[in-house]
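*Asks:* Here's a structure for you.
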């Protein structure tokens, strides 16, 4: 790659820590040997081995060329065919660091130049778009509407919490009813006098489907929203759980897309 920049010590350290977490000690030795590079570190810790080696070759080459070659080898997309999510997560973290040096590592395993980021926010926003964050999942626009700021800040705990509150708000907006949680669902999606219906409710099968959807909504509020309101943030599992929860909430929004307002008034 032409025009490889010199990375700062902080950037070299952060990249080394990230790459050290992605490989075993024997993997690092194998890759360095395959590239004809000497481990000049005298260290045993993985990231320190990489950091010392990259610093040595950067001083020698007056560019971070050997680091770039190492990344291409260790993060070859072909090696992650069955671990696409892992590859994407590492690539995004890497790009958040390299953004300050004006570099970007693509999905195709190639590096490209980009204008250097000036702030942490700019680096993260460039490295992690919402599309990439939940690649392969159909995240509903209503979910993003309520929690986009939290997602862009990697604040998954509050992203899911806001998305669940947004789900209740959507039910209120569609039905004109007030209330919250299970009580709101019971009022809006009763079988006898529903304010919203997902089908014609003419057959037992349709009524069962309608009741099942109502149960899913109530289960979502019970399993997602209520625990989050009382659970310490430090116990939160992170991006994987967020992706699953937001996928569930997106499914519920898609069913609400098909709901029809009955005009029955919800009175018993």
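*Asks:* Test residue 64 against the criterion of being without any contact (Cβ under 8 Å) to a residue 40 or more places away in the chain and in contact with a helix residue (DSSP H, G or I) (Cβ under 6 Å, 6 or more places away or on another chain), and give yes or no.
*Replies:* It is false that residue 64 is without any contact (Cβ under 8 Å) to a residue 40 or more places away in the chain and in contact with a helix residue (DSSP H, G or I) (Cβ under 6 Å, 6 or more places away or on another chain).
*Asks:* Residue under question is residue 196, and the condition is that it be closer than 30 Å to residue 85 by Cα, at pLDDT 90 or above and outside the structural domain of residue 92 (by TED's automatic domain parsing); does it hold?
*Replies:* So residue 196 does not fit the description; no.
*Asks:* For the stretch 6-78, give me every one of the helices (runs of 4 or more DSSP H) that falls completely inside it and has 1 or more residues that are more than 32 Å from the chain's Cα centre (by Cα) and at pLDDT 90 or above.
*Replies:* 25-34, 46-61
*Asks:* Out of 184, 195, 189, report the one residue that is touching a helix residue (DSSP H, G or I) at 6+ places or on another chain (Cβ under 9 Å), free of Cβ contacts under 8 Å to residues at least 24 places away in the same chain and crowded, with 17+ Cβ neighbours inside 10 Å.
*Replies:* Answer to the check: 184.
*Asks:* Then there's this: Answer yes or no: is there a residue in the stretch 215-234 that is under 33 Å from the mean Cα position of the chain (by Cα), surrounded by 14 or more Cβ atoms within 10 Å (Cβ to Cβ), closer than 16 Å to residue 264 by Cβ and at pLDDT 90 or above.
*Replies:* No, the stretch 215-234 contains no residue that is under 33 Å from the mean Cα position of the chain (by Cα), surrounded by 14 or more Cβ atoms within 10 Å (Cβ to Cβ), closer than 16 Å to residue 264 by Cβ and at pLDDT 90 or above.
The values are calculated or read from the model by the stated rules, or taken from the named source; none is laboratory data. Keep in mind that what you see is a predicted model, and the values were worked out from it rather than measured. Every residue, glycine as well, gets a Cβ built from its backbone with ideal geometry; the counts of neighbours run over all protein chains shown.
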